[in-house]
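Peer 1: Input: one structure, supplied below.
The values are calculated or read from the model by the stated rules, or taken from the named source; none is laboratory data. These numbers come from a predicted model, not from an experiment. Cβ placement follows ideal geometry from the backbone for every residue including glycine, while neighbour counts extend to all protein chains displayed. These area figures cover heavy atoms from the full protein model, side chains too; ligands, DNA and RNA do not enter into them. Shrake-Rupley method; radii C 1.70, N 1.55, O 1.52, S 1.80 Å.
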Amino acid sequence: KMTQQMRDLQLAQARKPPGPSSPNAAKRLYRNLSGKFRVNYTSFDEGSLVGRGEKEKLRKSYLFQSNAALFEAVELQDLDRVQELLKQYSPEELDLNTPNSEGLLPLDIAIMTNNAPIARALLQAGAKESPHFMSLESRSLHLSTLVREAEQRVNELMAQVVNEAPSTDCSEKEKQLKAWEWRYRLYKRMKAGFEHARVPDAPTNVHLSVASSSSVQVTFWEPLSVNSAVVTKYKVEWSCSPTFSPLLGEAVIDKLKNLHFTIRGLVSGTAYYVQVSAYNMKGWGPPQASVPPFAIPSNWREYDGRAPRRRGQAEALDHLLGQVKTVHQHCVCHEPCKNQPQSRKHSVSKSLKHLFHPGSKFLKTLKRGLYLTAIFYKDDNILVTHEDQIPVVEIDDTYSCLLMQDFLWFTKVSCMWDEILWLRQCVTVSQSSCSCILQTRFKMLLAISQMQGLLGIQDLGQVFFEPVKDKQGNILIVTLKEVKTNQTFESVRWVPICKLQTSRKSVSSPEEPTALDTLLISIQDKLAYHQRSSHALSPGLYLGYLKLCSAVDQIRVLVPEQLPNILCHVKIRSNPNISREEWEWLQKMVRVEEPVPAEPEAETSQNHLFQELQVAIKELMTLVNIPLQEAKDFRLYSQEVLDFGGQVSFLLLLPPSDDVCTAPGQNNPYTPRSGFLTLPLQIFELGEER
């Protein structure tokens, strides 16, 4: 059938004007042929085409040219041009998987000329092989037809050039002859590439791991052989028998960006054997069994049957808050507010107009006291008042020494921005007690309400981990919020941060800057902290380092600057799950008295984890600047695996008992290099929750 199609195609060509006039034209012969293999687009009548306009016509023509350019780049083995086109256009725009008029796809040409780099680039972009090659015989027949017809065309043109007298037509014939000779050589090279190719070797580094109580994951690498053709897909097979008879299932992987596959829906506690094989244009190669040879779906919690630590905690807290609200519903402190309409939640666009309302009570300068400032930013711009000031409101003008307990209480309140009015009403009744702590916290709630009212927005963002202080007795509590919307705001002034920093007239000396000046000088660092503290780790199992230091009124924890919401850490592997067998081995390891426990048996998941842990511990010790020989005194926290959302889990490495928390005045001989922070423990816990 394929041969008959090519014959019909050749007859159609014979009725057309003479062939290509240059080698370039020959390389793009398929552009001028009536596409037997090209998918037809939906036709439009003349009126609809006119309705779409010339722009649509030009666009289609441009995309067709990009498709032709891709074929030409593959034929000329121009890797840079192929990568450029794949980056510039989507697979749909390139018609990446639509055969040309010769029945070939770009990937077919790349693999049959054995151009592995171009083939890999096409495969990662989603390229497929031609669906017309259903068997080895059909591919061989098609290539033979292309070679034979190109040879025939070369002979015809050569005879015409020899027999005709020199003329313009003869010159054109010579150009066509050169073009067809080039194409003839291309087809012969493709045919030779196909004939000399062999089936691929088995994939390498086939590793099997337990992904959950009902799934296992297999990862693998390409075959090592460089003589066989490019691999275009892989097959994963699994069975409960080491002989793979009977098979329980198989899956074909043709998206080759990541060579891994998760087998789901398995039975917990059952052993599953897995093997992987590779495919190229000559067929399937031999399978490669995984290491370890089998895996048993399980999770470390099955070891002692414990439930997740955080299960139901959020719901329980919401229920508790609801109960408290119910009790306070009929409280005297809420009576004056019953007839007040519920405060509206303005949109950001409406709310920011309140910044410039004549009745605004933002402060221009600081007196001795405690203040709240809210920083809203978008890209490199910051929101300021009509007087080019960062929004600041007063909390207490008689408060000159912020206690850490009050600040930490404020950070907890930041988790309930929407409940400030209710909290104010609850605290009001206690004012008669004249408690300094309650008075300060009530003033904090008042300042928050004032800031929310002036801005017209409830969510003031995240509290920076430490207040900004100066020698004049001013203390600034800073909140940070990124505005990600692209909406334009009326009467709102977004000022570039650099412009605000250069245009602000300082009222203090460089030796003793005010808290506002200090804030402005360090604002980029604070914005960077805010952005980094919202970053998430990629899925995987990590080894974390827990190091604390205590002060008079707080305990602080060591964290990396680049990710301050997570402990210092290194990645152990991409699979976050710890299986029951691995956890049992870890329990035995931490109980052993010898400094170096016996290495587990080879080709087991425990052995693989043992090797991964060795590498991770060395890397972590280097990261936190601790000599490797000290690691023998460190311990793995063996009570649980810390689980964060099911996709990220942590094993904890602990210093010796006496060194977990450095006491005030105690010398720490191993100070981490630059790139670390120490956060108050409560701030770290809040950031972790966010």
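Peer 1: What Kirkwood hydrodynamic radius do you get for segment 152-233 when you take the inverse of the mean 1/r over all pairs of distinct Cα atoms, in Å?
Peer 2: After inverting the mean inverse Cα-Cα distance, the result is 17.4 Å.
Peer 1: So between Phe644 and Glu172, what do we pick up on full extension, going 0.36 nm a residue minus the alpha carbon distance?
Peer 2: Extra length from Phe644 to Glu172 when fully extended: 162.8 nm.
Peer 1: Can you give the FRET efficiency for Asp78 and Gln501, using 1/(1 + (r/R0)^6), R0 = 60 Å, r = Cβ-Cβ distance, to the nearest 0.05?
Peer 2: Once rounded, the FRET efficiency stands at 0.75.
Peer 1: Here's another thing I want to ask about it. Ignoring everything but the protein chains, give the 1.4 Å probe accessible area of Tyr234 in square angstrom, nearest 10.
Peer 2: Only protein atoms counted, so the area is about 0 Å².
Peer 1: Another question about this same structure. So how much accessible area does Trp422 have, in Å² to the nearest 10, using a 1.4 Å probe?
Peer 2: Counting only protein heavy atoms, Trp422 exposes about 50 Å² to solvent.
Peer 1: Using modelled amide H (1.01 Å from N, peptide plane; none on Pro or chain starts), what sits under 5 Å from the amide H of Ser212, excluding residues fewer than 5 places away?
Peer 2: For Ser212, the qualifying residues are Ser298.
Peer 1: Take the cross-link list Lys588/Lys618; Lys191/Lys255; Lys526/Lys618 and give me the ones stretching past 30 Å between alpha-carbons.
Peer 2: Listed pairs above 30 Å: Lys526/Lys618.
Peer 1: In whole percent, and with a 1.4 Å probe on the protein chains, what portion of the accessible area of segment 207-298 is carbon and sulfur?
Peer 2: Carbon plus sulfur share of accessible area: 55 percent.
Peer 1: First measure r as the distance between the Cβ atoms of Lys484 and His196, then evaluate 1/(1 + (r/R0)^6) with R0 = 60 Å and state the FRET efficiency to the nearest 0.05.
Peer 2: It comes to 0.60.
Peer 1: Write down the percent of antiparallel bridges among all DSSP beta bridges whose residues are both part of segment 207-298, to the nearest 5.
Peer 2: 95 percent
Peer 1: Going by average Cβ neighbours within 10 Å, how do the peptides 467-479, 637-649 rank, with the highest at the top?
Peer 2: So the peptides 467-479, 637-649, ranked by packing, come out 467-479, 637-649.
Peer 1: For segment 207-298, what is the accessible area per residue in Å² when the probe is 1.4 Å?
Peer 2: Result: 46 Å² of accessible area for each residue.
Peer 1: Also, I was wondering about something else. Whole-Hz ³J(HN,Hα) for each residue in segment 573-584, computed from phi via Karplus 6.51 cos²θ - 1.76 cosθ + 1.60 with θ = phi - 60°, x for glycine and proline: what do you get?
Peer 2: Karplus values, whole Hz, x for Gly and Pro: 6, 7, 8, x, 7, 9, 6, 4, 5, 5, 5, 4.
Peer 1: Going by a ≥ b ≥ c, the root eigenvalues of the Cα gyration tensor, does segment 57-196 fall in the rounded group (a/c under 1.5), the prolate group (a/b larger than b/c) or the oblate group?
Peer 2: Oblate, because a/c is 1.5 or more while a/b does not exceed b/c.
Peer 1: Using a 1.4 Å probe on the protein heavy atoms only, what accessible surface does Val291 show? Give it in Å² to the nearest 10.
Peer 2: Val291 exposes around 70 Å² with every protein chain in place.
Peer 1: Let me ask another. Solvent-accessible area per residue for segment 57-196 at a 1.4 Å probe radius, Å²?
Peer 2: Here the per-residue accessible area is 48 Å².
Peer 1: When you count, for each residue, the other Cβ atoms within 10 Å and take the mean per peptide, how do 651-657, 192-198, 133-139 rank with the highest first?
Peer 2: Highest to lowest by the protection proxy: 651-657, 192-198, 133-139.
Peer 1: Report in % the part of the accessible area of segment 57-196 that belongs to carbon and sulfur, leaving out ligands and nucleic acids; probe 1.4 Å.
Peer 2: Percent of accessible area from carbon and sulfur atoms in segment 57-196: 52.
Peer 1: Semi-axes, largest first, in whole Å: what does sqrt of 5 times each Cα gyration tensor eigenvalue give for segment 207-298?
Peer 2: Square roots of five times the eigenvalues give 24, 13, 11 Å.
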